[in-house]
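Following: one structure in structure tokens, then a few remarks.
Coordinate-derived values only; no laboratory data. Keep in mind the model is a prediction, meaning the values are calculated, not measured. Note that each Cβ is placed from the backbone with ideal geometry, even for glycine, and that neighbours are counted across all protein chains shown.
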2 protein chains.
Amino acid sequence: MKRTSLAGDSCPVARALDVFGDWWSLLIIRDASLGRRRFGEFQASLGLAKNILATRLRTLVERGILKTVPASDGSAYQEYVLTPKGHGIFPILVALRQWTEEFDEHPDEIATIMVDRDRGKPVKKLALLSQDGRVLGAADTTLKLRPVRKVAKRASA
Amino acid sequence: MKRTSLAGDSCPVARALDVFGDWWSLLIIRDASLGRRRFGEFQASLGLAKNILATRLRTLVERGILKTVPASDGSAYQEYVLTPKGHGIFPILVALRQWTEEFDEHPDEIATIMVDRDRGKPVKKLALLSQDGRVLGAADTTLKLRPVRKVAKRASA
DNA sequence: TTGTGTGGTTGCAATATTAAACCGTATGCC
DNA sequence: GGCATACGGTTTAATATTGCAACCACACAA
């Protein structure tokens, strides 16, 4: 009855969800990208049980999303910061944010807007472009089987 | 001990996760966006237990991501299709996919690539633009408190 | 009218989440 | 140094969710 792992799945969406697709991981990553680094900061901000936070931080470190560094204030504690792989999650956070901004039933309850730091103006919606520069919607795309170079090991369908 | 609900949260990321932030919902939505519509199709594709699939479909319908329609083949069964709100999740799926493409340890196990339907060429990476057209990274953005128009009801921080 | 496929529901065992108590190590303060 | 307290967890026990398998109702076919 173990929660089924998606790690070996051949779908890239499933593989991403396997890494940070649970209730708390993305919120921890969001907090980290807002500059929070300490165990206590995450706990206070998210209000989740400490044991859960501990296991989540541990697996996020294992998976290369976060890394631990010595505390910046000189104390003997450690802090958790995003790796490049963790920073790469930023567009996903933006996509989630923009979906809520567009479709949520109570947009008045959204506290913040994302702005361009230089100008202070709201950012535009994420755009998916073709190689020749056209804006693509879902209907303008398809999936193609990836050409296999050497030997594919475990991928199924 | 009920799983804490994020519905009333003021963070748009949390609000999105509250709607489809569990293990299976996004995969169901992915399947739906690939054209799968029937209970059995989802079940065979995802390999999840039928009771779980049933509850997920029900809540996704309740939350306006999917809607049920009479079966397209004339049989008396029903099918599940994405609403506009559900189609709006597409950029999130793209962002997840692209993260895996860029950071996964075994990219050779990824089966498909997303291509522009017209040309058959891979799509470009999602781009976040400022209003004056600059490409923005995480460090080029900040969050600003949303100006409150009328009375904010429940939002906290 | 008997059989089969589809679309579920029900019951039970295993696992995950939660809150709360506990604990060792650092700091802070005297 | 000595005591109190904060930090960063681990442990425990209750509850909720997940997963599997068996069951069931209805539609459709023969």
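Some points to look at:
- The coefficient of translational diffusion for the protein assembly as shown, derived via Stokes-Einstein from the alpha carbon Kirkwood radius under 37 °C and 0.692 mPa s, stands at 158 µm²/s.
- Principal axis box of the range B:1-88, alpha-carbon based, largest edge first, Å: 44, 27, 20
- When the Cα gyration tensor is reduced to axis lengths a ≥ b ≥ c, the ratio a/c is 1.5 or higher for the range A:14-157, and with a/b not above b/c it is classed as oblate.
- Within a Gaussian network of chain B (alpha carbon springs, distance under 10 Å), most fluctuating of B:Gly120, B:Gly35, B:Gly64: B:Gly120
- Summing +1 for each Lys or Arg and -1 for each Asp or Glu among the other residues whose beta-carbon sits under 11 angstrom from that of B:Val81 gives +3.
- For the range A:94-130 and the range B:23-98, distance of Cα centres in Å: 25 Å
- Counting Lys and Arg as +1 and Asp and Glu as -1 over every other residue whose Cβ lies under 9 Å from the Cβ of A:Asp140, the net charge comes to 0.
- Nm distances between copies for B:Ile52, ranked from closest, using label points 7 Å along Cα→Cβ: 1.8
- Length-normalised contact order of the range B:1-88 in % [C-alpha pairs under 8 Å, at least 6 apart]: 23 percent
- Relative contact order of chain B: 17 percent, from C-alpha pairs under 8 Å at least 6 residues apart in sequence.
- Over 19 Å between alpha carbons, listed pairs A:Lys85/B:Lys125; A:Lys50/B:Lys2; A:Lys85/A:Lys125: A:Lys85/A:Lys125
- Residues listed by number, the range A:38-56, amide nitrogen under 18 Å from A:Thr83 label point at 7 Å toward C-beta: A:55-56
- In this simple spin-label approximation, B:Ala127 and B:Lys144 carry label points 7 Å from Cα along the Cα→Cβ vector, and these lie 2.3 nm apart.
- Kirkwood-based Rg to Rh ratio, the range A:40-124, C-alpha trace: 1.04
- Grouping the Cα pair distances of the range A:104-152 into 10 Å bins from zero gives a pair-distance distribution of 16, 25, 29, 18, 10, 1 percent in increasing distance order.
- Placing +1 on each Lys and Arg Cβ and -1 on each Asp and Glu Cβ, with no other charges, gives the range B:46-128 a dipole about its Cα centre of roughly 460 debye.
- Per-residue ellipticity at 222 nm, computed for chain A from helices alone with -39500 (n - 2.57) per DSSP H run of at least four residues, works out to -10500 deg cm²/dmol.
- Residues considered: A:Leu126, A:Leu46, A:Leu66. Largest GNM mean-square fluctuation over chain A, using C-alpha springs under 10 Å, is found at A:Leu126.
- Most mobile listed residue (B:Gly47, B:Gly74, B:Gly86) in chain B, GNM with C-alpha springs under 10 Å: B:Gly74
- FRET efficiency, 1/(1 + (r/R0)^6) with R0 41 Å, evaluated for B:Ala76 and A:Asp118 via beta carbons: 0.10
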